[in-house]
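Structure, as structure tokens:
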Amino acid sequence: MARTGITYDQVAAKADLLFGQGNDVSILTVRAQLGTGSPNTIHKHLTLWRETRPQQTRAERAPLASTIIDSIYEAQERVKAEARAEIEHKLVQAQIESDELSTICEALERERDALAEEVTTLKKDRDELKDKADLQAVEIKELKGTIDREQKVAEIARTELAKEQLKIDSQGEKIAEQKIEIDRLKAQLEKVLGDKHQAEKSVAVYEADLKTMTDRMAKAEASLAQAATELDSVKDKLTKATIELKSHEINLKNAAEARNNALNDLKEAKAEIKKARAEIDESKAKFDTANAELSTIKATKERSYHVSN
């Protein structure tokens, strides 16, 4: 926001007060009376105020009563005329240069204020980028935790899958053995039935053996049916485990992609912070240069002012 400068009326009022009290009227005394104000602005208003003073001071001069004093005064005026004209010319030139310097100083002050606002904006942007980077770091940490948990779940699923596969293999071996036993019993039953007519004396024994073998075969078939049921159950578990493993693998892949995206965003945020810091350093250098130039100009203006006074 631009600062409101002091007005000519304020400077003129304080200058009239100092002049009326017999005090020196300068930039420093007027600024001390005002309590504020840019030296450049005060200098410009004092220059305008002094342009109105010569006629007033000449009007306030009392006329000389003595003819001799008038003659002496006129002689002195003639002698000093050329020197006064040259001095006044130099003063006019110095005043023009001083006005130019004052204008330059004011422009530099405005540029300094603009640079200060730009530095404030850059600092705000830097803080926002830092907050964004901190937030992304937290998100990356959370994503890493999610990935670790998904990996653990996937490992557990693989272990369960291996266990189920071992069960399937064991059940397959058991079913194969039961099928061999059934085939053996069937062959034995067929042999017993073929020899039935030839072993009528041992029919009771054979019938007992037949019943036993029939019972064993029934039990074997029941065991086979149960094993088939367990095999179907194991297959269902294997299918579910396979689906869960694929789901965990997809989640793991998505989490990895999210982590990579977050890392890329963090890299971009760091690059923006680095760029903002470089711009801040550049603005600071411009500000220091402008300050040095302003100090030099002010010193030059003060020397010109003392010369003119």
- Scan the range 151-165 and report the pairs whose first residue is over 19 Å from residue 254 (Cβ atoms) and whose second residue is open to solvent by 100 Å² or more (accessible area, probe 1.4 Å), with Cβ atoms within less than 6 Å and a gap of 6+ or a chain change. 164/237
- In the range 116-165, the residues that are open to solvent by 40 Å² or more (accessible area, probe 1.4 Å) and under 12 Å from residue 269 (Cβ atoms): 125, 126, 128, 130, 131, 132, 134, 135, 137, 139
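Criterion first (acidic (Asp, Glu) and at pLDDT below 70) does residue 86 satisfy it?
Answer is yes for this residue.
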- Task: With the condition kept exactly as written, say whether any residue in the range 55-66 is among the hydrophobic types (A, V, I, L, M, F, W, C) and modelled with pLDDT of 80 or more.
- Result: no
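Considering only residues of the range 1-21 that are of a type in the set (A, V, I, L, M) and in contact (Cβ under 8 Å) with a residue 24 or more places away in the chain, which is surrounded by the fewest Cβ atoms within 10 Å (Cβ to Cβ)?
First pass over the range 1-21, keeping only residues of a type in the set (A, V, I, L, M): 1-2, 6, 11-13, 15, 17-18.
Remaining after also requiring in contact (Cβ under 8 Å) with a residue 24 or more places away in the chain: 2, 6, 11-12, 15.
On the way: 2: 7, 6: 17, 11: 25, 12: 16, 15: 22.
Across the range 1-21, the extreme among qualifying residues is 2.
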- Message: Condition check: open to solvent by 100 Å² or more (accessible area, probe 1.4 Å), modelled with pLDDT of 65 or more and either under 30 Å from residue 117 (Cβ atoms) or of a type in the set (A, V, I, L, M) (or both). Does residue 24 satisfy that?
- Response: no
- Can you work out which of the residues in the range 177-191 that are free of Cβ contacts under 8 Å to residues at least 12 places away in the same chain and farther than 17 Å from residue 230 by Cβ is least open to solvent (accessible area, probe 1.4 Å)? 187
- Query: Which of the residues that make up the range 225-247 are touching a residue at least 60 places away in the same chain (Cβ under 8 Å) and not polar (S, T, N, Q)?
  - Reply: 231, 234, 235, 237, 238, 241, 244, 245
- residue 259 modelled with pLDDT under 90, open to solvent by 90 Å² or more (accessible area, probe 1.4 Å) and assigned to a helix (DSSP H, G or I): no
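Considering 237, 201, 174, which residue is assigned to a helix (DSSP H, G or I), open to solvent by 70 Å² or more (accessible area, probe 1.4 Å) and at pLDDT 80 or above?
237
Which residue out of 250, 273, 280 is over 20 Å from residue 111 (Cα atoms), under 35 Å from the mean Cα position of the chain (by Cα) and open to solvent by less than 70 Å² (accessible area, probe 1.4 Å)?
273
The values are calculated or read from the model by the stated rules, or taken from the named source; none is laboratory data. In this text, all values refer to a predicted model and were calculated from it rather than measured experimentally. Glycine also receives a Cβ, built like all others from the backbone with ideal geometry; neighbour counts cover every protein chain displayed. We work out accessible area using only protein heavy atoms, side chains counted, and drop any ligands, DNA or RNA first. Shrake-Rupley method; radii C 1.70, N 1.55, O 1.52, S 1.80 Å.
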